[in-house]
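Colleague: Take this structure first; my questions come after.
The values are calculated or read from the model by the stated rules, or taken from the named source; none is laboratory data. Note that this is a predicted model, so its numbers are computed, not measured. As a convention, Cβ positions derive from the backbone with ideal geometry for all residues, glycine included, and neighbour counts pool all protein chains shown. Just the protein is used for accessible areas: all its heavy atoms, side chains included, with ligands, DNA and RNA removed. Shrake-Rupley method; radii C 1.70, N 1.55, O 1.52, S 1.80 Å.
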Amino acid sequence: MTREVVAAAPVPVPGRAQRVREIAGELRGLRGALIPILHAVQEELGHVAQDDVAVVADVLNLSVAEVHGVVTFYKDFRRAAPGRTTVAVCQAEACRAVGAVELADYARVRVGCGFGETSADGRITLDEVFCFGNCALGPAVQVGSKLHGRVTPARLDALLGEAL
Ligand code: FES
């Protein structure tokens, strides 16, 4: 079964621009402040929206294009609001050696979207991660903040069931 992937529509959040400006202002003195600011925005607000890019550019006296280029270059930065639960499948070497590639294929079909995307119902965002430090117990999958080892497709089904 294939589910349609919906691009998250930008939803204006009251006070978001002000909060982004505060975060950027607090961290602007750091050396190479742009990346830490973007990480802080994403950590607190869930993603880095296009409107956030303009605010950060203004605070750092950079062009919007410069900040946009960084946000789009690094896969770490999410440009749309994530789903209710994030499911991250390790794709680093040790996990790949014990079935993580096949598990990732299964996850994409099961959730109905690719890595970096959110299911049509907005419940699950699927991500790939390159090593959780749980290599002896691969394939490793993180659901929300909880890490799981030796995840099989059947175990993934159970974890997704708990996440829904
Ligand atoms: S390679 Fe997957 S947790 Fe390290």
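Colleague: Based on what the data block shows, is Phe132 modelled with pLDDT of 95 or more and within 24 Å of Pro36 (Cα to Cα)? First the steps, then the outcome.
Modeller: Working: modelled with pLDDT of 95 or more: yes; within 24 Å of Pro36 (Cα to Cα): yes.
Yes, satisfied.
Colleague: Right, next: Does the stretch 99-145 hold any residues that are more than 16 Å from the ligand (Cβ to nearest atom), among the acidic types (Asp, Glu) and in contact with a helix residue (DSSP H, G or I) (Cβ under 8 Å, 6 or more places away or on another chain), and which are they?
Modeller: Once the filter is applied, which keeps residues that are more than 16 Å from the ligand (Cβ to nearest atom), among the acidic types (Asp, Glu) and in contact with a helix residue (DSSP H, G or I) (Cβ under 8 Å, 6 or more places away or on another chain), the stretch 99-145 yields nothing.
Colleague: Please count how many residues of the stretch 41-52 are closer than 18 Å to Phe73 by Cβ and open to solvent by less than 30 Å² (accessible area, probe 1.4 Å).
Modeller: Looking only at that region, the number is 5.
Colleague: Can you run down the residue pairs with Cβ atoms below 9 Å, 6 or more apart or on separate chains, where the first is in the stretch 119-148 and outside the structural domain of Arg108 (by TED's automatic domain parsing) and the partner is near the ligand (Cβ under 10 Å from one of its atoms) and in a strand (DSSP E or B)?
Modeller: Short answer, once both residue conditions are applied: none.
Colleague: How about the stretch 102-128: which of its residues are open to solvent by 50 Å² or more (accessible area, probe 1.4 Å) and not aromatic (Phe, Trp, Tyr)?
Modeller: Across the stretch 102-128, the qualifying residues are Glu102, Asp105, Arg108, Val109, Arg110, Gly116, Glu117, Asp121, Arg123, Glu128.
Colleague: Just to be sure, is Thr152 open to solvent by 40 Å² or more (accessible area, probe 1.4 Å), at pLDDT 90 or above and either under 26 Å from Leu38 (Cβ atoms) or among the basic types (Lys, Arg) (or both)?
Modeller: Details: open to solvent by 40 Å² or more (accessible area, probe 1.4 Å): yes; at pLDDT 90 or above: yes; either under 26 Å from Leu38 (Cβ atoms) or among the basic types (Lys, Arg) (or both): no.
No; evaluated as a whole, the condition is false for this residue.
Colleague: So Gly114 clears everything in (1) closer than 14 Å to Pro82 by Cα; (2) without any contact (Cβ under 8 Å) to a residue 60 or more places away in the chain except one condition, right? Which one?
Modeller: (2)
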